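One structure is given below, encoded as structure tokens.
Only the coordinates and a few stated rules stand behind these numbers; no lab work does. Note that the structure is predicted; figures quoted are calculated from it, not measured. With ideal geometry, Cβ positions are generated from the backbone for all residues, glycine too; neighbour counts draw on all protein chains shown.
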């Protein structure tokens with residue numbers, strides 16, 4: 001399935017936007033785990049889209065949302081400030 005057709009791919013973007021304006025977003029842990037597994041299994045397709053940067057290093061025991069956001073090339077700690 002193309003990444004653009006996957007409805008949950010926007011969760012990481014919404015999370016980053018919320019963090020950038022100081023809102024503490026809640027991302028469902030189970031959903032993040034499923035999404036993270038999906039993007040890892042489809043890493044070549046995800047990376048070839050050109051929309052994402054390289055994975056950002058995070059601790060191996062980071063929460064699922066942090067792992068997902070970092071894998072998608074976004075800094076999970078970014079606040080926009």
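For this structure, a couple of remarks:
- Summarising the label geometry, the points placed 7 Å from Cα in the beta-carbon direction at residue 62 and residue 29 lie 1.8 nm from one another.
- Potential extension, residue 37-residue 51 segment - 0.36 nm per residue separation minus Cα distance: 3.2 nm
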